[in-house]
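Readers should treat all values here as calculations from the given coordinates under stated rules, not as data from a laboratory. Just so it is clear, the model here is predicted, and its values are computed rather than measured. Neighbour counts are summed over all protein chains in view; Cβ atoms, including those assigned to glycine, are modelled from backbone coordinates with ideal geometry.
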Amino acid sequence: MKLILLGPPGAGKGTQAKRLTADLGIPQISTGDILREAVRNGTELGRKAGPLMEAGKLVPDEIVIGIIDERLRAPDAEKGFILDGFPRTTAQAEALDAALKKSGRELDRVLALEVPEEKIVERISGRRSCPKDGSVFHVIANPPRREGICDACGGELVQRPDDSEEKVVERLRQYRENTAPLVDYYEKRSLLARVQGVGSPEGIFTEIKRVLGEVSR
Ligand code: AMP
C-alpha cells in the first residue's frame, strides 16, 4: 500500500500514520521528522532547514525532494509506505510521481484529513512532543500519564518551537497557498479520499481503514 496523508498542520497526519504503520507493517515517512532529526544532530541539512522550520516556512523543494528520493529507495519502503507531510507543493508532487515511475511503482491512495481551521490552533497549541522517540501528546485530549513525561520512553516532553500560536498562523498560510492545491491535483487523478479528521483518533482510524478497504477490493 503506497499512501499519502494530506492535510493541514494539526490534522492528525502523524497520529494516523503511526497507527497505519503498526497495522499495515509499512514505514511512516515523515519529512518533518527527518528534518527535525537533522536539526537535533546539527548536520548541514539541519542548519539549512532549522531556521525555516522555526519560522513556519517551507524548506526548499530540492532539499525535501532529495530526502524523499533517497528514502523511497530504502529496502523497507519496497512493499509500501505512508507519506506524512510530503508532498507539500505541486513541484514535490510531480517529483514524487517521477521517482515512483522510475521504480515502476504507483500511488494507491491519497487521504485528505479535513479539519476546520478553528480546531487547528487549539490542537497544535496543546501539543507536546517527545524529542527522543517522536511520541505526541495533547495536554487535554491525550495527556501523558505523568505531566511533561513521555509514556513510551520517559523523555521530557516539549512544545515544538513551530507549535506556538503565531507560528501556526504562518504554517496555515503556507498550507493554504502551497499544499491545499494538491487536493485538486490528486482528485483529478481519482486518487483522493476525504476523511473527516474530527473526533476520536480511533474513530478516524476506523474510517481510514474503511476507505482503504475499498481500494484493496
Ligand atoms: P511537519 O512536522 O510535517 O509539520 O513539518 C514541520 C516543518 O518541516 C514544516 O513546517 C516545514 O518547515 C518543514 N517541512 C516538512 N515537510 C516539508 C515538505 N514536504 N516541504 C517543505 N518543508 C517541509
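At a glance:
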item: Estimated FRET transfer efficiency when R0 is 41 angstrom, pair residue 122-residue 102 (beta carbons, to 0.05); result: 0.45
item: Principal axis dimensions, largest first and in whole angstrom, of region 105-217 by Cα; result: 44, 32, 28
item: Fully extended contour minus Cα-Cα distance, from residue 210 to residue 73, at 0.36 nm per residue; result: 46.4 nm
item: Links that overshoot a 21 Å alpha carbon limit, given the list 48/102; 79/209; 132/209; result: 48/102; 132/209
item: Gain upon complete extension [residue 196, residue 22; 0.36 nm per residue less C-alpha separation]; result: 60.5 nm
item: Cα-based radius of gyration of region 107-150 once divided by 2.2 N^0.38 Å, which approximates compact folds; result: 1.45
item: For the chain, the fraction of alpha-carbon pairs in successive 5 Å shells from zero, as %; result: 1, 7, 14, 20, 22, 19, 12, 5, 1, 0
item: Distance between modelled label sites at residue 189 and residue 141, nm, 7 Å Cα→Cβ extension; result: 2.9
item: Pairwise FRET efficiency - residue 132 versus residue 48, Cβ, R0 = 22 Å, nearest 0.05; result: 0.40
item: Placed amide H near residue 29: partners under 5 Å, 5+ positions off or other chain; result: 82, 83, 84
item: In sequence order, calculated HN-Hα J values of region 65-73 (Karplus, 6.51, -1.76, 1.60; Hz; x Gly/Pro); result: 5, x, 4, 5, 3, 6, 5, 6, 8
item: Distant-in-sequence amide H partners of residue 2 (H built 1.01 Å from N, under 5 Å); result: 81, 108, 109
item: For the chain, with +1 on Lys and Arg beta carbons and -1 on Asp and Glu, the positive-most of 92, 67, 107 along the dipole; result: 107
